[in-house]
Amino acid sequence: MCVPGAGAILAPVRPSASPQLVFETPERVSLSLDVAGVGSRAMAFLADALLLFLAWVTALLAWSLRGDLVRAIQGLSWLGQLAATALFFLTGWSYDVLFEVLWGGRTPGKRLLGLRVVRTDGAPVGLLESLARNLLRAIEVPLLYAPGVVAVAATSRHQRLGDLVAGTLVVRERVYDLSRYGPPEGPGGGGRFRIPGGAAARTLSPADFERLADFLRRRRDLFPEPRRRIAERAAAALSGRAGLDPPPPAEAEAFLEALATAYAAEGGP
């Protein structure tokens, strides 16, 4: 959910709390995501390493049905052996890049731990950022990830070397209970907003949904006027993106509730 003029800053909520990525709207309403620390990132890395190892073992067993892989590699020229070695490391490196770009910043390990890679402005990570952050593994891996662990532990944003270069962060995803968002009551209720199948997933990115759900969760803490402006602007922008007629101003929040519920029903986070 893009709000014109919105930015992102990182600030701790209190001395003992984990740092947060905080989005500030023009109305100075903060929407936040918790930044992941060393422990959860290490567990996600181990889960991904295990999955990658199992994939390599499976490929090795499948190849063994055709012949001896070691002898086949030994029979190659030095250039061929170098290419085979590079291909082996490339599979491990591309694992993170492909999943981060195609799966909303989440590798299987990160998804298991409820983590996601985003840019420092809160936007989804792109190909260039993912390439940059993972390219720095060439420095970290030979040193058993010691530089990365030290950087995550020492920096206020919990960023490893690749994150610092690429301008990315690893944040915790939130689980939102949308069951309380039912059809709007009163005039125009009873299922007034019907979101076509697949429209919510096409309209909202994972980051958009997180901001939308955060607004719906915290709206009762906002002053009436900023709350109304945010709801109306978001409803107008998202309905246009979805190809739907904009809702009446008085029903902007009901439309946002329906859109968030539809997104969750379509398999969103």
Considering only region 241-256, state which residues are closer than 16 Å to Arg218 by Cα and open to solvent by 30 Å² or more (accessible area, probe 1.4 Å). Glu253
Extreme residue, farthest from the chain's Cα centre (by Cα), among residues of region 206-238 that are of a type in the set (Gly, Ala, Ser) and either more than 25 Å from Val118 (Cβ to Cβ) or surrounded by fewer than 20 Cβ atoms within 10 Å (Cβ to Cβ) (or both): Ala236
How do the helices (runs of 4 or more DSSP H) wholly within region 116-173 filter down when requiring 3 or more residues that are under 28 Å from Asp208 (Cα atoms): which remain? 127-135, 161-166
Got a number for residues in region 92-122 being open to solvent by less than 50 Å² (accessible area, probe 1.4 Å), more than 13 Å from Ala166 (Cα to Cα) and aliphatic (A, V, I, L, M)? 1
Given (1) free of Cβ contacts under 8 Å to residues at least 60 places away in the same chain; (2) part of a helix (DSSP H, G or I); (3) farther than 28 Å from Val170 by Cβ, where does Leu216 come up short, assuming only one miss? (3)
Pairs where the first residue, in region 36-52, is closer than 16 Å to Val150 by Cβ and the second is part of a helix (DSSP H, G or I), C-beta under 7 Å, 6+ apart: Val38/Val149; Val38/Val152; Val38/Ala153; Arg41/Val152; Phe45/Gly109
So which residues in region 97-123 are touching a Lys or Arg at 6+ places or on another chain (Cβ under 8 Å) and closer than 13 Å to Ala55 by Cβ? Phe99
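The values are calculated or read from the model by the stated rules, or taken from the named source; none is laboratory data. Source: prediction; values computed, not measured. Note: ideal-geometry Cβ built from the backbone for every residue, glycine included; neighbour counts use all protein chains shown. These accessible areas exclude ligands, DNA and RNA; they are computed on the full protein's heavy atoms, side chains included. Shrake-Rupley method; radii C 1.70, N 1.55, O 1.52, S 1.80 Å.
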